Amino acid sequence: MTKMLFVSLPVADLTASIAFYEALGFERNPQLCDDTGACMVWSEAIQVMLITHAKWRTLTQRPFPPAGTCASMLSLAMDSRDAVDAMNRAAAAHGRQADVNPPEDLGFMYSRDLADPDRHMWGIVWMDPAAMSTAQEG
């Protein structure tokens, strides 16, 4: 079996969260969707489960992080700098916070961070494959 990553995120408004993730390029898997959650597919190996607060409470009683805090940041690798910028623009166009941290440009790596409707942090990253090959050889 292929190793896969399922990230589960509690969301306040499932419909708004689905629309946001679709705007970023995720696709909904209707087989794993109902009125309490939605599976959003990034790739064959990475899927994000958006779960309503009510359903989340059946999974754990641990408290939600306080507003203004960040418990984690997930990162997605993109094919180009332009793709990083496009995803950041899509987040901003859908009323969410783009560039929650200053953009980082190291030449061989470029990243911008955004927050989803529930303030879950995402790092959007491009790395130059040629620079990575050179770094691994040295």
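The values are calculated or read from the model by the stated rules, or taken from the named source; none is laboratory data. This structure is a prediction, so every number in the text was calculated from the model and none was measured. A quick note on method: Cβ atoms are made from the backbone with ideal geometry, for glycine too, and the neighbour counts reach across all protein chains shown.
In region 19-38, what residues are of a type in the set (A, V, I, L, M, F, W, C) and surrounded by fewer than 18 Cβ atoms within 10 Å (Cβ to Cβ)?
If the condition is that a residue be of a type in the set (A, V, I, L, M, F, W, C) and surrounded by fewer than 18 Cβ atoms within 10 Å (Cβ to Cβ), then 19, 23, 32, 33 are the ones that fit.
What's the number of the condition residue 100 fails, among (1) touching a helix residue (DSSP H, G or I) at 6+ places or on another chain (Cβ under 9 Å); (2) within 30 Å of residue 129 (Cβ to Cβ); (3) touching a residue at least 12 places away in the same chain (Cβ under 8 Å); (4) in the same structural domain as residue 131 (by TED's automatic domain parsing)?
Condition not satisfied by residue 100: (1).
Out of all the residues in region 69-83, is one or more touching a Ser or Thr at 6+ places or on another chain (Cβ under 7 Å) and surrounded by 12 or more Cβ atoms within 10 Å (Cβ to Cβ)?
Taking every residue of region 69-83 in turn, none turns out to be touching a Ser or Thr at 6+ places or on another chain (Cβ under 7 Å) and surrounded by 12 or more Cβ atoms within 10 Å (Cβ to Cβ).
Got at least one residue in region 38-47 being farther than 20 Å from residue 83 by Cβ and modelled with pLDDT of 95 or more?
yes
A quick yes/no check of all residues on (1) out of contact with any Phe, Trp or Tyr (no Cβ under 7 Å at 6 or more places or on another chain); (2) on the phi > 0 side of the Ramachandran plot; (3) at pLDDT below 90; (4) among the basic types (Lys, Arg):
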{"residue": "93", "(1), (2), (3), (4)": "yes, no, no, no"}
{"residue": "114", "(1), (2), (3), (4)": "no, no, no, no"}
{"residue": "118", "(1), (2), (3), (4)": "yes, no, yes, no"}
{"residue": "137", "(1), (2), (3), (4)": "yes, no, yes, no"}
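State which residue pairs qualify: first residue more than 11 Å from residue 12 (Cβ to Cβ) and inside region 52-72, second residue of a type in the set (Val, Ile, Thr) in any location, beta carbons under 8 Å apart, and separation of 6 or more residues or different chains.
Final answer for the pair search is 55/36; 59/51.
Please work out which one of (1) farther than 21 Å from residue 16 by Cα; (2) among the aromatic types (Phe, Trp, Tyr); (3) in contact with a strand residue (DSSP E or B) (Cβ under 6 Å, 6 or more places away or on another chain) is the condition residue 108 fails and give its number.
(3)
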